[in-house]
1. Of all residues in segment A:81-99, how many are among the aliphatic types (A, V, I, L, M) and free of Cβ contacts under 8 Å to residues at least 12 places away in the same chain?
2. Restricting attention to segment A:157-177, report how many residues are open to solvent by 30 Å² or more (accessible area, probe 1.4 Å) and assigned to a loop (DSSP other than H, G, I, E, B).
3. Quick one: is A:Arg152 away from every other protein chain (no Cβ under 13 Å) and more than 19 Å from the chain's Cα centre (by Cα)?
4. Is there any pair linking a residue in segment B:255-281 that is farther than 17 Å from B:Gly315 by Cβ to one that is open to solvent by 20 Å² or more (accessible area, probe 1.4 Å) and not in a helix (DSSP H, G or I), with Cβ under 7 Å and at least six apart or on different chains, and which?
5. Considering every residue within segment A:115-124, establish whether at least one is loosely packed, with under 15 Cβ neighbours inside 10 Å and either of a type in the set (S, T, N, Q) or not in a helix (DSSP H, G or I) (or both).
6. In this structure, does B:Thr142 turn out to be modelled with pLDDT of 95 or more and within 30 Å of B:Val6 (Cβ to Cβ)?
7. Of all residues in segment A:178-210, which are more than 22 Å from A:Leu26 (Cβ to Cβ), within 14 Å of chain B (Cβ to nearest Cβ) and open to solvent by less than 40 Å² (accessible area, probe 1.4 Å)?
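The values are calculated or read from the model by the stated rules, or taken from the named source; none is laboratory data. As the structure is a prediction and not an experimental result, all values here were calculated from the model. Cβ placement follows ideal geometry from the backbone for every residue including glycine, while neighbour counts extend to all protein chains displayed. The protein model used for the area step is the full one, side chains on, heavy atoms only, and it has no ligands, DNA or RNA in it. Shrake-Rupley method; radii C 1.70, N 1.55, O 1.52, S 1.80 Å.
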Amino acid sequence: MSPKPSTDPLAGVAAEPGVPKPDPMLTISDVRRSFGGITAVDVDHLEIPRGLITGLIGPNGAGKTTLFNLLTGFDTPDRGKWTFAGEDLAGVPAHLVARKGMGRTFQLTKALSRMTVMENMQLAATGQSGERFLTALVAPLWRGKEQEITERADELLVRFKLDHMRDEFAGTLSGGQRKLLEMARALMVEPALVMLDEPMAGVNPALTQSLLDHVKGLRDNEGRTVVFVEHDMDVVFDISDWVVCLAQGEVIAEGRPSEIGSNRAVIDAYLGATHSEDPAHRKKRHERRAS
Amino acid sequence: MAADIVFDALRTALGPTAAAYALLAIGLNIHFGFTGLLNFGQAGFMLVGAYGVAITVSTFGGPLWLGVLVGMLAAVVLALILGVPTLRLRADYLAITTIAAAEILRLLVRSTAAEPITGGVFGLRQFGGDFFALNPLPDGRTYFGALAASPNRAWVMLVGWSLVALMTLLVWALIRSPWGRVIRSIREDEDAARSLGKNVFSYKMQSLVLGGVIGSLGGALFALSLQTVQPDTFLPQVTFFAFAILILGGTASTGGPIVGAIIFWFLIGSLQSGLRRFSDADMLPEFFGAQAVGAVTLTFVGVLLMALMIFRPQGILGDKKELQLDVS
């Protein structure tokens, strides 16, 4: 694990739901979304610390993905406000949210199948004037920028070990490679905050480690803020600086990984859903509970 | 007789109608092939292009260029009217809306109330004078060798296929540009495009307008070549012929609509000519008589398209590799 900042930026922050943090990147207040009679998300207050990795956990149906969709403009809440880097983002459409620096990936990867890996990357770049209809017709106006974008994309592809697939259709990539591509592509937008929806799901163990290193790299080398949803607790406890647990749409606990593991509310929330988990995890959790 | 049939078929395949359908298919290729928009109302865009010329020139006595411009502007307006309410919804809603809108337009221009302007069911004629006055080809001889085109027909063919070439070039330039990349990403997954900061609604609208305007040029060409417009030329089957041409040539390939239009009309032409000639020579059973030529031709075209889908589903110019990828 790469070295953490020497002084804990969250020192003195109490492990309780809705606790204020010294330097929040994202502040969520009173956000609520219901589907019919079911309340999917009902968050009173939540702050995401800047420059750190926040893990978002919770049993299936806890509202993690819905919260992602609301914050990134893919869904509209019944009510609520949230500010991103001091700017009110409620009601802003998804594409503008992305341009303001909130990048995201999807639980089910959205590789653009019939476009090459390189085209997937180039698409994500911002500030390409050739994306405007009239400018598009005059190639000299956008060639220079395109060159620049391609170089940056090539660097990222090397970093994510996808350079050998550069000119293949994205649809030919394996599930794990698609996760890598989606993460690399999100970085082309240069987001200040990266929201990763189950980045490790369906990825083979060999690739998991390299994905984890990439996520840590976002924080340590590039100073980006990361929020990620994950079900594998080993992963969550390994890379998170802060963990938030949702259940039935509400924040029931938050704290440092060490504190969350022994949190009574978290254990109760998960025990209700253990039937879908593998026995090894259940055993581990029971041991933790017993100790 | 075989040679006669081939020449008849070539005359159809390279004629003005084939060029007009190529334009319709180029428009559909932008909508469906590159953006993934299911437009089932291309006949409506064709109609406004044709009636734009006919009404401006025949009813109001305006100049030809103004008529073409009116047709193109009407296509822009039609695209906006269709797109604003439907492009935010799922793709199938656009399909339903476009097919209905095209039929509404057709019924509108053929209604009695519209007769003073559109000529109702009788349509309009005599609006091509300006167009044929521009014809630089000398009279009194035939053109294109064995195709034996009259000077007027040769002139429409020249203008029509030049227009097809120009529009193909435009599509080629756009699709290889970053603009085209955004368009194709919307076809693949519009949420992904959105998450990368692309204004999906705006791009879909641009695509709908562009493809519609190209379709309206097809309509104007069609009207000028026939020197008449009639509402019932613009039945929904026109749109499906254009789709057949697009799929035959290869969806999402720039040259597909040209190849598709030529092959499609070659097949239609050869079947019509063959059936007619065999029927005239009493070589066909009674029920295959002259009246049945239209229906039998369509049946054969249907069978050929089925064979194409089975043996070459990507079309003539399509990319097989693209087709094999699962689009999720």
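1. Of all residues in segment A:81-99, those among the aliphatic types (A, V, I, L, M) come to A:85, A:89-90, A:92, A:94, A:96-98.
Still in the running and free of Cβ contacts under 8 Å to residues at least 12 places away in the same chain: none.
Going through segment A:81-99 one residue at a time, the tally reaches 0.
2. Matching residues across segment A:157-177 total 5.
3. Working: away from every other protein chain (no Cβ under 13 Å): yes; more than 19 Å from the chain's Cα centre (by Cα): yes.
For A:Arg152, the condition - away from every other protein chain (no Cβ under 13 Å) and more than 19 Å from the chain's Cα centre (by Cα) - is met.
4. Final answer for the pair search is B:Arg277/B:Met1; B:Phe278/B:Leu284.
5. Initial filter on segment A:115-124 (loosely packed, with under 15 Cβ neighbours inside 10 Å): none.
No, there is no match, as no residue in segment A:115-124 is loosely packed, with under 15 Cβ neighbours inside 10 Å and either of a type in the set (S, T, N, Q) or not in a helix (DSSP H, G or I) (or both).
6. On the way: modelled with pLDDT of 95 or more: no; within 30 Å of B:Val6 (Cβ to Cβ): yes.
For B:Thr142, the condition - modelled with pLDDT of 95 or more and within 30 Å of B:Val6 (Cβ to Cβ) - is not met.
7. If the condition is that a residue be more than 22 Å from A:Leu26 (Cβ to Cβ), within 14 Å of chain B (Cβ to nearest Cβ) and open to solvent by less than 40 Å² (accessible area, probe 1.4 Å), then A:Arg178, A:Lys179, A:Leu181, A:Ala184 are the ones that fit.
Residues are listed down the side, and each one gets a yes or a no for (1) at the interface with another protein chain (Cβ under 8 Å from one of its Cβ atoms); (2) surrounded by 19 or more Cβ atoms within 10 Å (Cβ to Cβ); (3) not in a helix (DSSP H, G or I):
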{"site": "A:Leu70", "(1), (2), (3)": "no, yes, no"}
{"site": "A:Val92", "(1), (2), (3)": "no, no, yes"}
{"site": "A:Val138", "(1), (2), (3)": "no, no, yes"}
{"site": "A:Leu141", "(1), (2), (3)": "no, no, no"}
{"site": "A:Lys145", "(1), (2), (3)": "no, no, no"}
